[in-house]
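> Here it is, the structure, as structure tokens.
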Amino acid sequence: MEELKRLVAKEALKFIDDDMIIGLGTGSTTAYFIQMLGKKLMTGELEDIYGIPTSHQSRLLALESGVPVVSLDEVDAIDIAVDGADEVDPHLNLIKGRGAALTMEKIIEYRAGTFIVLVDESKLVEYLGQRVPVPIEVIPAAWRAIKEELEVFNATAELRMGTKKDGPIITDNGNFILDAKFEKIEDPLDMEIELNNIPGVVENGIFADIADIVLVGTKEGVKKLER
Ligand SMILES: O=C(CO)[C@H](O)[C@H](O)COP(=O)(O)O
């Protein structure tokens, strides 16, 4: 599995040129990409690259790997964003947010000229919601009301708990995460909009219609899917 992650990360580097502003995703697959990008900058194979991190994780890793970082308000445009995903459907709609960084990820990736997604073939699904719940970032005071309101969509939601912390996890933005299990998401774009219409929802992990390219790591090599 780690080999497949490395493989797609290496493939993503082929899309990178000098003078680019790159959205840096969060998670274990993108971590390989950030480290490889750092190496190319150190050897001089790439120059004048700036990364826009989508989380504390990607920011710290970029700094450690020698990738200079800037924030969204310092740039006019983002050339490319590279990130992982938890599910990819046949139309390249995604579920993201296992790493709880979905809000900043969507802010950056929505605005990127090209959004490249890195997954292994186990993440390909027939419909969204097949394997994983949809993470929803919520304002802490509203978590219980939102959990109950999600029943309208036949979803059962759990407050995500910390592992090396007592109580719920706190996102980079100071909020909670509800993991909402849906029976089947028939219309990802509609559901993405509906969820964001609930007062107290900051953002949800359905990324409909924004991925341009999905690089899929398989035992036979990397497959490129395009929208
Ligand atoms: O959405 C994410 C973090 O919020 C990740 O990109 C997603 O969970 C995939 O992670 P990994 O590459 O470790 O499987």
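> Rg and Dmax of region 60-142, Cα atoms, in Å?
14.6, 40
> How high is the relative contact order of the chain, in percent, with contacts defined as C-alpha pairs under 8 Å that are six or more residues apart?
22 percent
> Hey, got a sec? Which trypsin sites (Lys or Arg not before Pro) in region 132-219 land in a DSSP loop and have at most 13 other Cβ atoms within 10 Å?
Loop-located and lightly packed - Lys164, Lys165, Lys184, Lys219.
> Okay, moving on. Based on DSSP H assignment, which helices of the chain show an axial Cα extent of at least 18 Å together with a mean Kyte-Doolittle hydropathy greater than or equal to -0.5?
The qualifying helices are 28-43.
> Something else about it: Which longest uninterrupted range of the chain lacks any GluC sites (Glu not before Pro) assigned by DSSP to a loop state (not H, G, I, E or B) and surrounded by at most 12 other Cβ atoms within 10 Å?
48-125
> Here's a follow-up. Taking amide H atoms as placed 1.01 Å from N in the peptide plane, list the residues 5 or more away in sequence, or in a different chain, whose amide H sits under 5 Å from that of Gly51.
Ile22, Val69, Val70
> Return the Cα extents of region 122-174 along principal axes one, two and three, sorted largest first, each rounded to a whole Å.
35, 28, 17
> Label region 91-136 by shape, choosing from rounded, prolate and oblate, from the square roots a ≥ b ≥ c of the eigenvalues of the Cα gyration tensor; if a/c is under 1.5 it is rounded, and otherwise prolate applies when a/b is larger than b/c, oblate when it is not.
Since a/c reaches 1.5 but b/c is at least a/b, the shape of region 91-136 is classed as oblate.
> Please work out the FRET efficiency for the pair Phe15 and Ile169, using the Cβ-Cβ distance as r and a Förster radius of 35 Å; give the result to the nearest 0.05.
0.60
> Would you mind telling me the antiparallel percentage of the DSSP bridges in region 22-146, rounded to 5?
About 10 percent, rounded to the nearest 5.
> Given axes a ≥ b ≥ c from the Cα gyration tensor, I'd like to know whether region 6-60 is rounded (a/c under 1.5), prolate (a/b larger than b/c) or oblate.
oblate
> With the dipole of the chain worked out from charges on the C-beta (+1 for Lys and Arg, -1 for Asp and Glu) around the Cα centre, which of Leu7, Tyr50, Gly205 lies farthest toward the positive end?
Farthest towards the positive pole: Leu7.
> Please state, rounded to one decimal and in Å, the Kirkwood hydrodynamic radius that the chain gives when every pair of distinct Cα atoms enters the mean of 1/r.
Over the chain, the inverse of the mean reciprocal pair distance is 17.8 Å.
> Show me the three semi-axes of the equivalent ellipsoid for region 94-227, from the C-alpha gyration tensor (sqrt of 5 times each eigenvalue), largest first, rounded to whole Å.
Sorted largest first and rounded, they come to 26, 16, 15 Å.
> Taking the DSSP beta bridges in the chain as the whole, what percent of them are antiparallel, to the nearest 5?
Roughly 55 percent of the DSSP beta bridges within the chain come out antiparallel.
> Continuing with this model, one more query. What number comes out for the charge environment of Ile213, summing +1 per Lys or Arg and -1 per Asp or Glu over other residues with Cβ under 14 Å away?
Local net charge: -3.
> For Lys40, go through the aspartates and glutamates and keep the ones whose alpha-carbon is under 17 Å away, minus same-chain ones fewer than eight residues off.
Glu11, Asp17, Asp18, Asp19, Asp48, Glu64
> Charges at C-beta only: +1 for Lys and Arg, -1 for Asp and Glu. How large is the resulting dipole of the chain about its Cα centre, in Debye rounded to 20?
820 debye
> Then there's this: Which one, Leu124, Ala145, Gly27, is farthest towards the positive end of the dipole of the chain when Lys and Arg carry +1 and Asp and Glu -1 on their Cβ?
Selected residue: Gly27.
FYI, it's all coordinate maths here, none of it is from the lab. None of the values given here were measured: they were computed from a predicted structure. Counting neighbours? That spans all protein chains shown, and the Cβs are built from the backbone with ideal geometry, glycine included.
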